[in-house]
Each structure stands twice: as structure tokens, then as C-alpha cells.
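Trainee: One structure, as C-alpha cells, below. Some questions next.
The values are calculated or read from the model by the stated rules, or taken from the named source; none is laboratory data. Because the structure is predicted, anything quoted here is derived from the model rather than measured. Glycine gets a Cβ as well: all are built from the backbone with ideal geometry, and neighbour counts include every protein chain shown.
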Amino acid sequence: LQPLHFSSCSARVITVGGKGRSPWRYNLHNWRPTTTARAGDVLLFKWRGFIPHDVVLMDSVEAYNSCDFGSAKKLTRITNSRTYRYKVPVSAKGTTLYFSCSVPAHCSPSNMKVAIPIQA
């Protein structure tokens, strides 16, 4: 008999916007993580400073593109400083998650939004 070997895929923390004191910021629309996000990973949203932000999960690419928050899911309240951890659900496999800030003028025209593809 051959011994069974199991590979474990541990969850990773991916800081949205990259490194820095306040990576959740304006002009993130072209940012992509350096590694492919997977179900179980944690997306870390972090901001500090005088300008308040929040994190909102958009319900579609159309809502993301038009900054329509009508059906969006608010994940945090609006605050000046915050660290928020979003655990990627299994149901997100093979999709793209769309996040934005709902503070007026932050999504548009300031492009404080990000699309994160999730590995199938």
C-alpha cells in the first residue's frame, strides 16, 4: 500500500492596493494582486488619514462600471481609518469580485474601485 499524501492550500492575506500606509485609495481601477486570489483567502482593505472611506461589494460588473450602489452590499461603515478583512467565499470560485468606496466622488471620478478575479 502507498501512503496517502494530501496537499494543503492555506489561506493567504492579500492587501488590496498593495503595500503602504493606506493602500485602499483612489485610482485603483487598474490594480491587480500579484497572486491569484482563491476561495478562503482574505482580502485586506486598509486606510488611514483624514479622508473617510468604506468598502462596498458591488453586485455586478455593470454596477461596478457605472458606480451604481443600488444593490451593493455595504461591508464597512464610513470611517477615517480602518482595517477590514473580507474572506473570499467558496461561491466566488471562477468569478470576479468588484469592490468600491461609496463616499460621493470616490468611485467616480476618483476610481476608488477594484475588480479581483477569483481562481476557479
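Trainee: What do you reckon, is Val88 in contact with a Phe, Trp or Tyr (Cβ under 9 Å, 6 or more places away or on another chain), hydrophobic (A, V, I, L, M, F, W, C) and modelled with pLDDT of 95 or more?
Mentor: On the way: in contact with a Phe, Trp or Tyr (Cβ under 9 Å, 6 or more places away or on another chain): no; hydrophobic (A, V, I, L, M, F, W, C): yes; modelled with pLDDT of 95 or more: yes.
Judged against the criteria, Val88 is not a match.
Trainee: Identify, by number, the condition in (1) at pLDDT 95 or above; (2) of a type outside the set (Ser, Thr, Tyr); (3) not in a loop (DSSP other than H, G, I, E, B) that Ile14 doesn't meet.
Mentor: Result: Ile14 fails condition (1) only.
Trainee: Hey, can you tell me all the residues within region 41-61 that are more than 21 Å from Gln119 (Cβ to Cβ) and among the β-branched types (Val, Ile, Thr)?
Mentor: Correct list: Ile51, Val55, Val56.
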